[in-house]
Amino acid sequence: MRQIWITGRGGPEKLEVREAPDPQPGAGEVRIRVRASGVNFADILARLGLYPDAPPLPAVVGYEVSGTVDAVGPQAREDWMGREAFALTRFGGYTDTVVVPEEQLFEKPAALSHEQCVALPVQYLTAWQLVVVMGALAPGEAVLVHNAGGGVGLAAIDIARHIGATIYGTASSGKHAFLKARGAHALIDYTREDWSAELARLAEGRGVELILDPLGGAHWKKSYAALRSTGRLGMFGASKATESSLPGLLRLLKFGLGIPRFGPLALMGRNRAVFGVNLGHMWQERGKLRAWMQRILEGVAAGWVRPHVDRGFAFDRAGDAHAWIEARRNIGKVVLVP
Ligand SMILES: NC(=O)c1ccc[n+]([C@@H]2O[C@H](COP(=O)([O-])OP(=O)(O)OC[C@H]3O[C@@H](n4cnc5c(N)ncnc54)[C@H](OP(=O)(O)O)[C@@H]3O)[C@@H](O)[C@H]2O)c1
């Protein structure tokens, strides 16, 4: 098999294709010949040495694949053989062949390409947990989606639109027309104006009921301040940590010092809630993930879940895929194609 390795901490040039013997499925596992492998922002954080959950480098990262099952281990369902499927991988997804536990496998809907399927596991499950499970967004409420043009942002827009909420998003201006067409009601170019002032204008000073914030650090404080009474702040990323030019640990320290503290009395006094989401810490809850994916696949069948692929990169251009995301050029999913 061919795999993409992160050979050490550093820039996109640290990605390298290497060959290894094909893995064999064990009990309860299947093997997938991969047609598309998803890139996530966490993979970039891992390469930069800013992702505490990543395996020690050198490593093969990657959380999701889609392809065809070509071997089935003992105790796994034999009728998976030859079927097209997509899966969550606990790292190791940057590969053309992978073995996964059957419980992390889902049948590929005929309506979606393999590239579209790898937009579902991380980005749609994260958005589902944020918007539906913990954010409890209701019809008629307002939500602010930061990074609206990213994969999680687009998934959150699909879900919020289906619920019937008013959707505000922050994104650089080149993405606004696309996001409007996807269902966002108003967009704010956070690179040119203070998004909180513009949000206050849009929401007529009331604030919004749900804010999804993957920027982190001091940005969480600003988002918290923009909530309406009964508002919820969902925190799920640390994109801001990549902005500084300080070396790894100092960068994390600067980021950490900006993080607000939320006291119970202040939350009570203002009728607000804060919560965190980390899909990478949900492996012990595969039953929940499967139930959420079932709902997402129903959305695919009904047409309101619309995974959007930005572009695919061949394995030997994996470094370009990372650079593309770091330059914030993508709208939606970036995919590696063996
Ligand atoms: N906790 C979890 O379980 C979980 C799961 C998935 C993702 N995440 C996190 O959610 C965030 C978005 O993930 P994604 O997959 O949607 O990413 P993505 O598709 O790569 O989207 C990234 C986009 O975010 C915008 N952005 C704003 N500030 C940024 C910054 N400081 N650095 C880089 N990009 C910035 C850029 O768009 P503009 O042109 O608008 O600036 C960029 O194109 C990441 O922080 C990721 O780690 C967390």
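Using a simple spin-label model with pseudo-atoms 7 Å out from Cα toward Cβ, Q294 and R192 lie 4.6 nm apart. In terms of overall dimensions, the chain has a Cα radius of gyration and Dmax of 19.9, 60 angstrom. Between the beta carbons of R161 and E13, assuming R0 = 45 Å, the FRET efficiency works out to 0.70 to the nearest 0.05. In the structure shown, do any of K180/K222; K221/K254; K222/K254 have a Cα-Cα gap over 22 Å, and if so which? From K180/K222; K221/K254; K222/K254, over 22 Å: K180/K222. If you plug the beta carbon distance of R270 and S244 into 1/(1 + (r/R0)^6) with R0 = 22 Å, you get a FRET efficiency near 0.10. Where the alpha-carbon atoms of segment 162-209 are placed on the principal axes, they occupy 30, 27, 11 Å, in descending order. When each of the peptides 286-298, 23-35 is scored by how many other beta carbons lie within 10 Å of its residues on average, the order from highest to lowest is 23-35, 286-298. In the chain, the calculated helix contribution to ellipticity at 222 nm averages -7500 deg cm²/dmol per residue, counting -39,500 (n - 2.57) for every DSSP H run with n ≥ 4. Positive-end ranking of G49, M81, P139 along the dipole of segment 1-147, with charges on Cβ about the Cα centre, is headed by G49. Net charge in the neighbourhood of I159 (other residues with Cβ under 15 Å of its Cβ; Lys, Arg +1, Asp, Glu -1) is +1.
Taking K108 as the anchor, which lysines have their alpha carbon closer than 25 Å to its alpha carbon, excluding any fewer than eight residues away along the same chain? Of all the lysines, those that pass the test against K108 - Cα under 25 Å, at least 8 places apart if same chain - are K288, K333. Counting only aspartates and glutamates at least 8 places from K240 when in the same chain, those with an alpha carbon closer than 20 Å to its own are D43, D53, D189, E193, D194, D213, E326.
Work through the residues other than V337 whose Cβ is under 11 Å from its Cβ and net out their charges, Lys, Arg +1 and Asp, Glu -1. Residues near V337 contribute 0 overall.
Normalised by residue number, the volume inside the convex hull of the Cα atoms of segment 251-304 is 179 Å³ per residue.
Counting Lys and Arg as +1 and Asp and Glu as -1 over every other residue whose Cβ lies under 11 Å from the Cβ of A54, the net charge comes to 0.
No value in this document is a laboratory result; all are computed from the given coordinates. The shown structure was predicted, so the numbers you read here are calculated from the model rather than taken from an experiment. Please note: Cβ atoms are built from the backbone with ideal geometry, for glycine as well, and neighbour counts cover all protein chains shown.
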